[in-house]
Amino acid sequence: MSEKNNAGEQDAIDDFVYSYFKQDYSHNPQQIQDDEQEHVNALVEDVSKDIGSNTGKLGVALDFLLVAEQLAQYDTWVSGFNPEITKSNILERFDTKDTKTLTFLIENDQVGIRPVHNKVIDLFRSDLNRTNFPSSPGHHTGDWESYDEMLVTSFRLSRPGRYEAVTKLIDLGLERLDAKTFQSRDPPFPRIFSKILKEYERKDSDEEAGSAYQAMAYGYVKAEWPHLSLRADKLRVGSSRQHRYGDIDGYVGADPMLSIEVKDKKIGLSNVDSELGTIKDLSKNSTTITIAMCKEVTDEAIEDLENSNVNVVTDEILAAELERWDYHKQNTAVQGMVHFFANIEQNPTAVQRLLRFIKKVDPENISLVHLDE
């Protein structure tokens, strides 16, 4: 790693790199022979000469290296330096998923470049403040076959060689991509709803199962469609009994405009109809905007829902969307959660649990006047 990196940048880089190489990895550059070092240098030089006109190439190079490293933890064939490996060898060795982006199937698991690329974007844009790093993962990972030489090099390298290449490429990005500096607020505005999405415990013995996720969904709708009048009820009250369409409905006057079904679970083809059949029928038979808001949805189930004109919002999709929300919009969603627990679910214990979490993230939040100290 470069000695020029500041402490915050170095911590972010270390966290990123060791999430793939694991904490027990100890790098020893002496393990890299001269011929392997030439491969490393050639890869870095190839990215360096194009970084001004094709910054996304840097991300794809990191994608290939880190996917190869993940596969090496399953298959020792990828562990040592092997300059004879070809693209055909790679694609014959590992099964791939039929998708526009490169995804390997191994031991009932998937290892693909798209999840890696999303994290590379977060590293450069969020953690390292290189906001001119492109945020278009679909474009670059969908064009992976244009970078055959980088793919092959990544699989030829040993673990030390890949580590060396990854760290050199990150340093290259830090050196060549200018950090953006802006006027900032001190203390900074917290990304409060993002924190709740990623860190808030959704289960509690004093709350109905799924109520925390329902509250998050209500807050999301409140912030995203502030012009709508919302209708929702307690979890144990079915929508049909209340003459609702979904778990949360939005109206303008008497006209239903939006309906959301909320499922804090993984949805696949095996359960999409049993869990979301009602919202699919609604979408086919009305002009209402319909959304399935779920913890996780497989690609096949997303396609099925979208074929029924049902929009899908998963945790991953919402997290990306929240990156575009400022503090005040995020806080609108948080206040919607508080309102849901206090006045719809009517669970004071749930309100207090949420407020205790808010206090840790945003100690000046206006809702904390209701916190029982």
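Laid out as a table, the results:
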{"read-out": "By average C-beta atoms within 10 angstrom, highest first, the peptides 265-271, 152-158", "value": "152-158, 265-271"}
{"read-out": "Radius ratio Rg over Rh of the stretch 192-370, counting only Cα atoms, Kirkwood formula for Rh", "value": "0.95"}
{"read-out": "Whole-Hz couplings from phi, Karplus 6.51/-1.76/1.60, listed for the stretch 224-233; x for Gly and Pro", "value": "7, 10, x, 7, 8, 8, 9, 10, 8, 8"}
{"read-out": "For the chain, the spread of Cα positions along each principal axis, largest first, Å", "value": "72, 47, 39"}
{"read-out": "Net charge contributed by nearby residues that have their C-beta within less than 13 Å of R324 (K/R +1, D/E -1)", "value": "-1"}
{"read-out": "The stretch 320-325 - phi-based ³J(HN,Hα) in whole Hz, Karplus 6.51/-1.76/1.60, Gly and Pro as x", "value": "5, 5, 5, 4, 9, 9"}
{"read-out": "Nearest 10 degrees, 0 to 90: helix 348-361 Cα axis against the chain principal axis", "value": "40 degrees"}
{"read-out": "All Cα pairs of the stretch 48-148, percent lying beyond 25 Å", "value": "22 percent"}
{"read-out": "Viscosity 1.002 mPa s, temperature 20 °C, Stokes-Einstein D of the stretch 95-192 from Kirkwood C-alpha radius, µm²/s", "value": "136 µm²/s"}
{"read-out": "Sorted peptide list for 162-175, 94-107, 337-350, criterion being average Cβ within 10 angstrom, highest first", "value": "162-175, 337-350, 94-107"}
{"read-out": "Principal axis dimensions, the stretch 145-232 - Cα atoms, whole angstrom, descending", "value": "56, 38, 29"}
{"read-out": "Environment charge of M216, counting only residues whose C-beta is closer than 15 Å and scoring Lys/Arg +1, Asp/Glu -1", "value": "-3"}
{"read-out": "Long-range amide H partners of T96 with built H, under 5 Å", "value": "L105"}
{"read-out": "Interchain or long-range residues, amide H under 5 Å from H27's placed H", "value": "none"}
{"read-out": "Quotient of Cα Rg and 2.2 N^0.38 Å for the stretch 7-176, N being how many residues it contains", "value": "0.96"}
{"read-out": "Descending semi-axes in whole angstrom, ellipsoid equivalent of the stretch 328-373, from the Cα gyration tensor", "value": "16, 13, 7"}
{"read-out": "Charge sum, other residues only, whose C-beta stays under 12 Å from K97's C-beta, Lys/Arg counted +1 and Asp/Glu -1", "value": "-3"}
{"read-out": "For V297, residues with placed amide H under 5 Å, excluding near neighbours", "value": "I267"}
{"read-out": "Mean Cβ count within 10 Å, highest first, over the residues of peptides 113-122, 73-82, 352-361", "value": "113-122, 352-361, 73-82"}
{"read-out": "Among beta bridges that DSSP assigns inside the chain, antiparallel share in %, nearest 5", "value": "60 percent"}
{"read-out": "Using θ = phi - 60° and Karplus 6.51 cos²θ - 1.76 cosθ + 1.60, couplings along the stretch 106-117 (whole Hz; Gly, Pro as x)", "value": "8, 6, 6, 10, 10, 10, x, 7, 5, x, 5, 4"}
{"read-out": "Global size of the stretch 297-337 as Cα Rg and Dmax, reported in angstrom", "value": "13.2, 35"}
{"read-out": "Translational diffusion of the stretch 1-94, µm² s⁻¹ [Kirkwood Rh, Cα pairs; Stokes-Einstein; 10 °C; 1.306 mPa s]", "value": "103 µm²/s"}
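Values quoted throughout were computed directly from the atomic coordinates according to the rules given, and no laboratory measurement underlies them. Given the structure is predicted, the values throughout are model-derived calculations rather than measurements. Virtual Cβ from ideal backbone geometry, glycine too; neighbours counted across all protein chains shown.
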